[in-house]
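Data block below; observations after.
The values are calculated or read from the model by the stated rules, or taken from the named source; none is laboratory data. Source: prediction; values computed, not measured. Cβ sites come from the backbone with ideal geometry, for glycine too, and all protein chains shown count toward neighbours. What goes into the accessible areas is simple: the full protein's heavy atoms, side chains included, and nothing from ligands, DNA or RNA. Shrake-Rupley method; radii C 1.70, N 1.55, O 1.52, S 1.80 Å.
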Amino acid sequence: MKKSLRSTRSSQIQTDFWSAVQNGIAEDGGLYIPKDWQNKQLNVETLPDSYLQIAHAVLSCFTDELDPQTLTSFLHQAYDGRFEAEDVVALKPLGSDYLLELYHGPTAAFKDIALSLLPLFLNEAAARQENPAQTLILTATSGDTGKAALEGFKDRSGCELLVFYPDQRVSEIQQRQMLTSEGKNVGVCAVRGDFDDAQSAVKRCFADPQLSAELQAHHIRLSSANSINIGRLVPQIVYYFWAYRKLRRQGVLKTGQCLNFSVPTGNFGDILAGYYAKQMGLPVGKLIVASNANNILTEFFTTGRYDCQRKLVKTTSPSMDILISSNLERLLAHESAPDDGSVSLYMEQLKQNGWYQIEPSLLAKLQRQFACGDCLDDQAAETIRQVYAQTAQILDPHTAVGVHVLRQLRQKGEVQDPCVILATASCYKFSRDVHEALFGHCDLDEWSAMEQLSARTGLPIPTALQGLHEKSIRHTDKIEKDAIVDYVRQKVQVMKHD
């Protein structure tokens, strides 16, 4: 099997795509990245038009030795009849720019696009093992990944899924989606802490030698459904190419013209997919890092200092309430190559001191490709109001962050070419905040706000969210942030006896 991937922390640690999907992270704690882009080049001018055809072209560059017919089957299984958009995603004009609607899947968030495919990738990875083990998938979520993973993996044979979310730090609707999830092989647990606590604890599970020994003894393998897993990340490259092709067909873009993308981001996975699209030949201008009040990435792309020694702010865009942006490590590894030691040093400094500072030359390279900005809650609310008044389109708070930051940069003259804003979730996942942004303060709960928002705007509630309030709670576990390893160990004992 071709070893097409390497660890971010050592070019000596290499593996194939399927082993990387199976294992989640590298043995040295790094993340897997493509070794080179030379054999992954696509000509956007000759790509087909449909989403599934573009997905086939993109994913063929990564899915080592998978025959084309099997990949086609995977794509049809993942997307046929499961998305309400005509072609999986949709592109809508917003003034001179465009909204790329990524939330028409089974849980009304962009995570559905990758997490509809990842279970199929994991099944394929397991089938390629000589003695396939049962897979235990650990996932930390800041809001949307959890439900998308629960929907994608429910009742799939050969795997168990545990989702950890920060208690009281997701929207009520996001929480309800997770706690009502069905499936004999899935579990959900609240963590008393923030997303970074949950994510760091999940990573500790992968590094815990005692847990590793117990898993091996029971013939269980750990994996992840977070974007630290390369199999979760690469399907997100597809919609960058799709958006470009759509605008080329409409005559908005000329041959070779660059297109900007504004991406609301916390963990840096969605925007890294855009960077990967650019490495594969997509004419990308600026990738705009749009942050909320937790603006650690704004500071990093401005000063080169990554400093998570600060209090996490709870915002109306909770899926971005993150201080440890895992996928930034991948970007640093690509842009630092062939220097093998710098990323390991940065990650060790972050672990020991809570911050690191990159070299000025590296910062300059990043600033040529990325722009950045941040948006407070009141600015997001005002953006929601303005966009609705001007276009009748309703943004969720995360997408509003992307629009606001783009407008900031346009005023500064930093962005000229057309821009696509990634719309990451349905406004109904944050009904009360959106209702207040449009119509002023209200005393409605989330469910009444959802109904009122639909009644006052005429926008249908997504099928994924209809009747959610009436569903029974199925998951009630809650633990301290330092108890995840022990909690997983207990679940392993249950798996052993099932």
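Points worth noting:
- Where both bridge residues fall in the chain, DSSP classifies roughly 30% of the beta bridges as antiparallel.
- Take 320-326, 112-118, 43-49 and order them by the average number of nearby Cβ atoms within 10 Å per residue, most first; the result is 112-118, 320-326, 43-49.
- Distance between the modelled labels on GLU45 and GLN390, one decimal in nanometres: 3.3 nm (7 Å Cα→Cβ projection).
- Take the Cβ atoms of LEU376 and GLU348, set R0 to 35 Å, and the FRET efficiency comes out at 0.60.
- The residues of segment 131-272 expose on average 29 square angstrom of accessible surface per residue, using a 1.4 Å probe on protein heavy atoms.
- Cα centroid separation, segment 423-467 to segment 171-207: 24 Å.
- Estimated distance in nm for a label pair at ARG305 and ALA85, the labels positioned 7 Å out from Cα along Cα-to-Cβ: 3.9 nm
- Rg/Rg_globular for segment 57-110, with Rg_globular taken as 2.2 N^0.38 Å and Rg from C-alpha atoms: 1.41
- Length released on extending from GLN416 to GLN452, taking residue separation times 0.36 nm less the Cα-Cα span: 9.1 nm
- Sequence ranges 239-246, 73-80, 375-382, ranked by mean other-Cβ count within 10 angstrom, highest first: 239-246, 375-382, 73-80
- Placing a label point 7 Å from the Cα of ALA127 along the Cα-to-Cβ direction, the residues of segment 17-46 whose backbone N falls under 18 Å of that point are 17-23.
- Once C-alpha pairs closer than 8 Å and six or more residues apart are averaged by separation and normalised to the residue number of the chain, the relative contact order reads 19 percent.
- Relative intensity, log₁₀ I(q)/I(0), of segment 344-498 from a Debye sum that treats every alpha carbon as a point, q = 0.09, 0.12 Å⁻¹: -0.54, -0.84
- Virtual spin-label span in nm between SER60 and ASP477, 7 Å along Cα→Cβ: 4.2 nm
- Rg to Rh quotient for segment 371-443, alpha carbon positions, Kirkwood Rh: 0.98
- Taken about its Cα centre, the chain carries a charge dipole of roughly 640 debye when the Cβ of each Lys and Arg holds +1 and the Cβ of each Asp and Glu holds -1.
- Segment 306-363 - accessible surface per residue (Å², probe 1.4 Å): 42 Å²
- The fraction of all Cα pairs in the chain landing in successive 20 Å bins from 0 to the largest distance is 24, 61, 14, 0, given as whole percents.
- Taking 1.002 mPa s as the viscosity and 20 °C as the temperature, the Stokes-Einstein diffusion coefficient of segment 73-153 based on its alpha-carbon Kirkwood radius rounds to 151 µm²/s.
- For segment 424-476: accessible area per residue (Å², 1.4 Å): 50 Å²
- Accessible surface of the chain, 1.4 Å probe, proportion on carbon and sulfur as whole %: 45 percent
- Projecting the Cα atoms of THR15, HIS56, VAL44 onto the dipole axis of segment 1-92, where Lys and Arg carry +1 and Asp and Glu carry -1 at the beta carbon, places THR15 farthest toward the positive end.
- For segment 297-356, convex hull of alpha carbons as volume per residue, Å³: 85 Å³
- For q = 0.10, 0.12, 0.21 Å⁻¹, Debye-computed log10 I/I(0) when each Cα of segment 161-270 counts as one equal scatterer: -0.48, -0.65, -1.26
- The convex hull drawn around the Cα atoms of segment 225-286, when projected onto a plane and averaged over every direction, covers 4.3 nm².
- Cβ crowding within 10 Å averaged over residues, with 433-443, 263-273, 51-61 ranked highest first: 263-273, 51-61, 433-443
- Evaluated at q = 0.13, 0.25 Å⁻¹, a Debye calculation over the C-alpha positions of segment 14-84 (equal weights, vacuum) places log10 I(q)/I(0) at -0.49, -1.18.
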